[in-house]
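*Asks:* This is the structure I have questions about; it appears just below.
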Amino acid sequence: VQVVESGGGLVQAGGSLRLSCAASGSTFSINSMGWYRQAPGKQRELVAYIISSGGSKNYADSVKGRFIISRDNAKNTMYLQMDSLKPEDTAVYYCNVYTMSGDYWGQGTQVTVSS
């Protein structure tokens, strides 16, 4: 499975960004897709994920009510709509694809929120 993220950038606090993650290859075996982020000097943390079967979604408390995860199954693409962004959301955001054969990660996309 190949994973490619896009959509990061620089935005002012209170602004919005939408991240995309396109998966290709053995996408039939995808169990879930998710977004993680890693800020400088911090561990990588889960932001949100969506289960393939049933579409159940889960969010980190820090982003609930501000971020929305979604997936277009026909395009094997996942999105993260990020609204009301805060400086503490600044990080490299990574797409994760969890399959029966293992985890796959994208190269990451930088999100910078200025105050």
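*Asks:* Any chance you could count the Lys pairs in the chain whose alpha carbons are under 23 Å apart, treating pairs 8 or more apart or on different chains as valid?
*Replies:* Working: K42/K64; K42/K86; K57/K75; K57/K86; K64/K86.
The result is 5.
*Asks:* Quick one: putting +1 on the C-beta of Lys and Arg, -1 on the C-beta of Asp and Glu, what dipole do you get for region 5-61 around its Cα centre, in Debye to the nearest 20? Write out the running numbers ahead of the final one.
*Replies:* Numbers: 5 positive and 3 negative charges, 10 e Å.
So the magnitude is around 40 debye.
*Asks:* Run the dipole for the chain about the Cα centre, Lys and Arg Cβ at +1, Asp and Glu Cβ at -1, nothing else charged, and hand back the magnitude in debye, nearest 20.
*Replies:* Working: 10 positive and 8 negative charges, 20 e Å.
The dipole of the chain has a size of about 100 debye.
*Asks:* Accessible area of K64, 1.4 Å probe, to the nearest 10 Å²?
*Replies:* 120
The values are calculated or read from the model by the stated rules, or taken from the named source; none is laboratory data. Please read all numbers here as calculations on a predicted model, not as lab measurements. Cβ atoms come from the backbone with ideal geometry, glycine included; neighbour counts cover every protein chain shown. Calculation scope for accessible area: heavy atoms of the full protein, side chains included, ligands and nucleic acids excluded. Shrake-Rupley method; radii C 1.70, N 1.55, O 1.52, S 1.80 Å.
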